[in-house]
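*Asks:* Take a look at this one; I'll ask things after.
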Amino acid sequence: MYLRQLSGIFAKESKEMEEELMTIRRHLHQYPELSFQEYKTSKYIEEKLREIGLPYEKVGATGIKAWIVGEKEGSSSDFVVALRADIDALPIQEETGFDFSSNNKGVMHACGHDGHTAILLGAAHLLYKNRKNFSGKVVCVFQPGEEADGAAKEMIRLGVLENPKVDWMIALHLWPYIPFGSIGIRSGSMTASCDDFTITINGKSGHSARPHEGVDAIDVSMRIMQAIEHLVIKMNNPLDPIVVHIGKITGGSARNIIAEKVILEGTSRALTLDSRTKIKEEIERISKEVAETFNATAEIHYTEGNAPVINDVDVTSLVGEAATELWGEDRVVELPQPSLGADDFGEFSLEVPSTYFRLGIKKEDEAVYSLHHPKFSFDDTLLSIGAATFAYIAVKATENSEGHSC
């Protein structure tokens, strides 16, 4: 069967399962669970996979890996494509007013992960139903803990990319800044790294009436902050943007006492691996040198979080081609710039050629709220578009690996 024919089948069959996908999404929306606590969510996904008839295995406590083996006659492809959906929710009190609003106080699917999960289940169903029309293997990864640190790294450590060994990996994210049903693609940097740091400045306490006898940690901390600002503005290539933000300052004991210790807590973001490394090295160097200049010391603790998502050119190109074949050229949007938001899909993109695309939810006649907003919502007729897109991308990737043309 030609790929173009299969694209039409996926579009038709996904539309036919629209009500089912909406039911899945709304159930997940009503019962959201925080990162690494997605026990009921995981059981619900398992239930749906069993209904489809798919083999699966648990990865860690709440992660799941399912797979579909293509059974196309005359094909010997062993190409493996992985599709990823994140399944966790956020500590946000919902304000949408939906009749399927969250039943868990203070917890909400405010980043669309309920939609991502429903989409991947829909894609899995389409692929299994049409398994005799494609070759290779498709792995479906339901990932917990995206909103926290370390989830993707842990799944990789536990072997989610092995047995079968994944050749390409693809993820999507709902996006309120491009038109409803459009596919947003971009090669290269897509989202930023997100790392945390703590700088502890140690001075010498004393009385404010005798400043020469002490070393003011508050004064030194201000100078370190100014030097870090200089790093961002004057020491970094403006065409390769970075963000360094200090959001918490703790120090001092009384108004007339020279502060002995100040703690600065912040976060840094970068779009490339080189800039990520440079930020860390420069913050450590600047902090220590400035502190030493004023007879203080600085201790820096740096915690690496999510890596930047770097989209592979070839994988991204194929996603664009697949989306064009499915929905038409006017539905494919070349994103002009990356986001300085973060997603731990970057850890997967470090391991295998990958791409992370956007699925537009913006409707001109409706209010659109940003991700992580207590009123974030989307028209869930979109789910069938996402399912067909995911499924067709996977099939096109496995077929192209054999040198087939469409």
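*Asks:* So, Glu282, is that one touching a helix residue (DSSP H, G or I) at 6+ places or on another chain (Cβ under 6 Å) and in a helix (DSSP H, G or I) or not?
*Replies:* Spelling it out, Glu282 is indeed touching a helix residue (DSSP H, G or I) at 6+ places or on another chain (Cβ under 6 Å) and in a helix (DSSP H, G or I).
*Asks:* Further question on the same structure: Can you tell me which residue in region 344-365 is surrounded by the fewest Cβ atoms within 10 Å (Cβ to Cβ), limited to those that are assigned to a helix (DSSP H, G or I) and either at pLDDT below 95 or in contact with a helix residue (DSSP H, G or I) (Cβ under 8 Å, 6 or more places away or on another chain) (or both)?
*Replies:* Glu351
*Asks:* Continuing with the same structure: How many residues, within region 112-148, are surrounded by fewer than 24 Cβ atoms within 10 Å (Cβ to Cβ), over 22 Å from Leu28 (Cα atoms) and touching a strand residue (DSSP E or B) at 6+ places or on another chain (Cβ under 7 Å)?
*Replies:* 3
*Asks:* Check whether at least one residue in region 324-343 is crowded, with 21+ Cβ neighbours inside 10 Å, farther than 19 Å from Asp240 by Cα, assigned by TED's automatic domain parsing to the domain that holds Val395 and not basic (Lys, Arg), and report yes or no.
*Replies:* yes
*Asks:* Continuing with the same structure: Based on this model, can you work out whether Lys43 counts as under 21 Å from the mean Cα position of the chain (by Cα), surrounded by fewer than 15 Cβ atoms within 10 Å (Cβ to Cβ) and not in a loop (DSSP other than H, G, I, E, B)?
*Replies:* Taking the combined requirement at face value, the residue does not satisfy it.
*Asks:* In this structure, does Arg25 turn out to be touching a residue at least 40 places away in the same chain (Cβ under 8 Å), part of a helix (DSSP H, G or I) and surrounded by fewer than 19 Cβ atoms within 10 Å (Cβ to Cβ)?
*Replies:* no
*Asks:* A further question on this structure: Determine which member of the set Ala322, Ala270, Ala298 is more than 25 Å from Ser189 (Cα to Cα) and at pLDDT 95 or above. Full working, then the answer.
*Replies:* On the way: Ala322 fails: more than 25 Å from Ser189 (Cα to Cα); Ala270 fails: more than 25 Å from Ser189 (Cα to Cα).
Only one candidate qualifies: Ala298.
*Asks:* Is it the case that some residue within region 211-226 is farther than 30 Å from Asp365 by Cα, among the small types (Gly, Ala, Ser), in a loop (DSSP other than H, G, I, E, B) and over 27 Å from the mean Cα position of the chain (by Cα)?
*Replies:* There is at least one residue in region 211-226 that is farther than 30 Å from Asp365 by Cα, among the small types (Gly, Ala, Ser), in a loop (DSSP other than H, G, I, E, B) and over 27 Å from the mean Cα position of the chain (by Cα).
The values are calculated or read from the model by the stated rules, or taken from the named source; none is laboratory data. Just so it is clear, the structure is predicted and the values come from calculations on it, not from any experiment. When we count neighbours, we look across all protein chains shown, and the Cβ atoms used for this are built from the backbone with ideal geometry, even at glycine.
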